[in-house]
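Report on the following structure.
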Amino acid sequence: MVKPLQRKLWRDIRRHRAQFIAITVTIFLGVGIFGAAWDSYSNLVASYDQTAIDYRFANLTLAGGDTAAIADLASDNPGVESVETRTTADVAFRVGDTKLLGRAVGIPTGDQPTVNRLDVSAGTYPSNGDPAVVLVEDHMANHFDLVPGDTFDILVGDSWQAVTVGGVALSPEYIWPARDRQDIITTPDNFGVAFVSEELARSITGTSANEVVLYYSDGEPNDRITADLSSAARDLGATNIYTREEQPSNNALTEDVKGLEEMAIFFPMMFLAAAGLAAYVMISRLVHAQRPHIGTFLANGFTRRQVLRHYLGYGVLPGLIGSIPGAIVGVLLARTITRLYTNILSIPLTVVDFYPATLLGAIAFGVIASLLAALAPALVASRVLPAEAMRGETPSGGGRRSLLERLIPPLRRIPTAWRMTLRGVGRNPRRTIYTIIGVVLSLMLVLVSWGMIDTVQNLMDRQFVEIQQEDATVFFAGPTATEEVAALTDIDGVAAAEPALTLPVALSANGEHYETALMVLPDDTELHRFADVGGGWIDLPPEGVVLGQATRDLLDIEAGETVTMALGTGTTLNAEVAAFVDEPLGTMAYVGRSQAEALAGSALPATSALIAYEDGVDAKALRNTVTDLPQVAAFEDANVLFDLMQRFMILFYAFVGVMLVFGGAMAFALIFNSMSVNIAERTREVATLLAVGTERRSISRYITAENMLVAAMGIPLGLIAGHFAASAAMSSFNSDLFTFKLHIQPTTYLLASLAIVVVALISQIPGLRAIRRISIPKIVKERSA
Amino acid sequence: MAIEMAGVWKTFGEGHTAVHALKDVDFKGPQGELAVILGPSGSGKTTLLNLVGAIDNVTDGRIEVGGVDLASLDVDGQVRYRRENVGFVFQFFNLIPTLTALENVELVADLTADNGTDRAEDVLAKVGLADRIHHFPAQLSGGEQQRVAIARALVKQPPILLCDEPTGELDFETGRMILQLLQDISREQNQTVLLVTHNAAIGYMGDRVLKLRSGEIVDDARNATPREAGTLTW
């Protein structure tokens, strides 16, 4: 049987259902987002982990140097379960008319490698026999519609060699098709991977194996083994060493998943805080209005504990009603999100687990948030003095002039009704503060989401418009004389061409190492600008090396200090760090061509050319003309890359759209509750004003003004808090791959503020409509309205 | 301003749940009369006051105030009527807690066509609050708050003053003082006053005493010599 107090609880909730629904929905959203994001994160991590185990994803990759000796050394280490040597060659591919920069990765024929196994999704794994049968990596196969039996060409030496597609494969190394750590974003037109027989790979490079890949016992990371083997491998000439975590594809995906993890915490926190504030405001109002009832309960023998429990119920109930379905929906949604994500990224294995801890944790978060919100008013209720409460005497805050009136005395002479509005703001300071906090939280949510768009948009503009001045990069099949680069300008449509030489380099300083690429550019390059970390633009210095700013921390180095550069060619040089540059994508090293040639003692070739288009050029035709040149391996149009990234942004827009809707819902819930309570608390005043002849629309105006004033007070604080939250959120994504510097457009601040104003205006409509329904005779006669 | 009620019914609810708060009430109150309406709880006293104040509408019958049929007024007309003709004094004062005594009075004064803001201080002085005008309601005693409420009602110089249990929340001495104030003001300003109370002793101060029971006027008597409110006891 339902006890009377429980019945009262339900009826009270029914009576104030709009406010309680707002709280419940906010909790539902917060808990739902948590469940969805956290389980998606857990599933994706589990998917990556399981993929790493099942496909024996290398714990450590050591490139360059004496690979045979490195492999022997690794084999002797008891913590290393499998060692493979292989040949990896960056070489030109030709699929139909399209030339692209390909990567041929050597694999044993007959049996899968013991490290970095492949998932053959179509066709068969190459058997012993024809070395010209290859597996094409999934992204390339999809882009070029390659199926088993098709052929394409690989540049071997000076001639194209036809190979047959034996199958399509997924690899843990290329789930995200990154060329290298400095080239995370590629287009399938310009980069593709094929797994070729080791024999063919060696014929491409003309050398023996150039990489050693290691799989540790049970695939578990082991820092000690990594440190020991890395150090030994460096001594044996290895130039590019990276762990599974640093592996370009895995690193990019981990960064992505990290965002999900942060979202799983940040956004639900916002929602639950908002729900808590809304619940607090609502329950405080209830307790205030029900003081005579509370006095009566206590006078009739209810214990203070019973009263406490009763009013805690106003928090627990919406907490439970919001969080149980929220958690269930969130956890179910996570399964779909996980599958969508792994499907889009072609992750070989999808792990979708049920995590009871997420479900229980999500429900607990929701209930705890609303319970905490109810605690303070419930304690107030339990401490009511019965005699005083039954007399209906509610402790009334003494009126006082508003802060604005005290600061600006002329305001004391504005019409009395507007003075009332000003003072209404400070009438219930706690509620005003909570409403302001609500506005702040909403703006934080909006700015963090919107800030991501602005920042990424800015990042792209900075990288592709301000820093990279070239319209395209032409990759050569092999080292090419600078004269040939200059000859590119003879082609119609090419306005300028600059030679670039890119070499793998291992930077070392203060016992720290960082593998990247060294780019040699003309001293007076006009196709690449260098953004100083101080904010200005600099030229390539005649002496010293210019480094990406991430190396400052990675190598613990400052400008003026010396860095050791071990080039992939086997040469080791010491150079002074001339400056650090602020580049959003990648962390490169740059030197001027004159300096590089002086150090080398001879003229240096180019591995690529940066070209600028003439106005009105037909980029596609130009691409065809340039790629027809025999020495050209690939042509990367910066605009295509830019457009590709813009397309990725659609996902961001969708995400921000959802967050804006959620942020609006959250702001609505909080402001609606706060304003409803504000209006409910003054029904007697409203009725009195109506009785003495004030028009309803005038009263609506005063209340609107008061509510908007409170909302407006929250806006600047929200913009500041939102800015810092967005900055913190963006910097958490920073790595040597990406440097996110928060950039929020002024219009974003303006639109976010306007959105809050609109939400505030909308959220008080129900309260203002209630004014129309006020019964003057009833209210003016009540002891406490 | 004269008040005339003819065959006034006020019913709340419908069908078998209908409650007749007023039943066929006829009443004529001439200008300048102080009428005390007596009756127990639920007798319809406040309902009668609300109908005259146009904060509620009759179910049947007619109320004319100063020759105007209140039923003919639309919502805006009712607002204008209350603004120009009626001053309310409530049992629970109903002051705006965020406004000082003066500002509470000014708030209503601002509504008047001749902008009675300048009168606010005078009216407060008249009710004996000259030295308390900048105090907020929470800083005033119950009697003082009720005096502010009276000042608020008077500031727009309404021809009709409607007082609903104005001493209901006050102690004896303060209550008597408030009643004397109302009596003095009505005499000075020749206002029509309807004063609702359940306290029979207060009836002696009225020019006229109406007794209501179950929504009907059961007695309508005139005091030949109304007593000074300050001499009443109960």
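Bear in mind these aren't lab numbers, they're just calculated from the coordinates by the rules spelled out. Everything quoted here is computed from the prediction, not taken from an experiment. Every residue, glycine as well, gets a Cβ built from its backbone with ideal geometry; the counts of neighbours run over all protein chains shown.
Couple of notes before you dig in:
- Filter on A:Lys778/B:Lys23; B:Lys156/B:Lys211; B:Lys45/B:Lys126; A:Lys258/A:Lys741; B:Lys10/B:Lys211 - keep pairs with C-alpha separation over 24 Å: B:Lys156/B:Lys211; B:Lys45/B:Lys126
- Efficiency of FRET between A:Ser732 and A:Glu512 - r from beta-carbon atoms, R0 22 angstrom, step 0.05: 0.50
- Cut-off 13 Å between beta-carbons: net charge of the residues surrounding B:Lys23, Lys and Arg +1, Asp and Glu -1: -2
- Highest-MSF residue in chain B out of B:Lys45, B:Lys23, B:Lys126 [GNM, Cα springs under 10 Å]: B:Lys126
- Local electrostatic count at B:Gly143 - Lys and Arg +1, Asp and Glu -1, tallied over other residues with Cβ under 9 Å: -2
- For the protein assembly as shown, size of Cβ-based charge dipole, Lys and Arg +1, Asp and Glu -1, in debye: 9540 debye
- Descending Cα extents along the principal axes, the protein assembly as shown, whole Å: 131, 63, 49
- Most simply put, the stretch A:482-604 has about 75% antiparallel DSSP beta bridges, counting only bridges with both residues inside it.
- Summary value for the stretch A:482-604: 28 percent relative contact order, contacts being C-alpha pairs under 8 angstrom separated by 6+ residues.
- The modelled label-to-label distance for the pair A:Asp524/A:Ala481, using points 7 Å beyond Cα in the direction of Cβ, is 2.4 nm.
- Gaussian network model of chain B, springs between alpha carbon atoms under 10 Å - residue of B:Glu188, B:Glu165, B:Glu144 with greatest fluctuation: B:Glu188
- Highest-first arrangement of B:7-19, A:146-158, where packing means the average Cβ count within 10 Å: A:146-158, B:7-19
- As a proxy for reagent exposure, A:Glu483, B:Glu121, A:Glu706 were ordered by neighbouring Cβ count within 10 angstrom, fewest first; the result is A:Glu483, B:Glu121, A:Glu706.
- Centre separation in Å (Cα based) which lies between the stretch A:84-107 and the stretch A:308-363: 44 Å
- Distances between placed amide hydrogens fall under 5 Å for B:His135 paired with B:Ala101, B:Leu102, all partners being 5 or more residues away or on another chain.
- Rel. contact order, % - alpha carbon contacts under 8 angstrom, at least six apart, chain A: 17 percent
- Fewest-first sequence of A:Ser370, A:Ser47 by Cβ atoms within 10 Å of each Cβ: A:Ser47, A:Ser370
- Among the GluC sites (Glu not before Pro) found in the stretch A:197-306, those both in a DSSP coil and sparsely packed, with 13 or fewer other Cβ atoms within 10 Å of their Cβ, are A:Glu245.
- Using the Cβ-Cβ distance between A:Asp228 and A:Ala619 with R0 = 60 Å, the FRET efficiency computed as 1/(1 + (r/R0)^6) comes to roughly 0.75.
- For chain B, the longest principal axis of the alpha carbon atoms and the long axis of helix B:172-189 meet at an angle near 80°.
- Radius 15 Å from Cβ of A:Thr338, net charge of other residues (Lys, Arg +1; Asp, Glu -1): -3
- B:Val58, A:Val448, A:Val520, A:Val439 arranged by Cβ crowding within 10 Å, fewest neighbours leading: B:Val58, A:Val520, A:Val448, A:Val439
- For the peptide B:98-104, the mean number of other protein chain Cβ atoms found within 10 angstrom of a residue's Cβ is 6.
- Pairwise label distance in nanometres, B:Ser41 with A:Phe724, each label 7 Å out on the Cα-Cβ vector: 5.5 nm
- Between the stretch A:494-549 and the stretch B:116-162, the Cα center-to-center distance that results, in Å: 81 Å
- Percent of Cα pairs exceeding the 25 Å cut-off, where the set is chain B: 39 percent
- For the stretch A:163-267, the relative contact order is 41 percent, taking Cα pairs closer than 8 Å that sit 6 or more residues apart in sequence and dividing their mean separation by the residue count.
- Calculated over the stretch A:584-704, the projected area of the Cα convex hull averaged across directions stands at 16.6 nm².
- Computed helical MRE - 222 nm, chain A, DSSP H runs ≥ 4 contributing -39500 (n - 2.57), nearest 500: -17500 deg cm²/dmol
- Between helix A:429-461 and chain A: long-axis angle, C-alpha atoms, 0 to 90°, nearest 10: 20 degrees
- The angle separating the long axis of helix A:304-344 from the principal Cα axis of greatest extent in chain A is about 20 degrees.
- Sites A:Gln161 and A:Thr124, calculated FRET efficiency, Cβ-Cβ separation with R0 22 Å, nearest 0.05: 0.55
- Distance (nanometres) between label positions extended 7 Å along Cα→Cβ at A:Leu761 and A:Asp353: 5.0 nm
- What separates the Cα centres of the stretch A:188-248 and the stretch B:1-54 is a distance of 98 Å.
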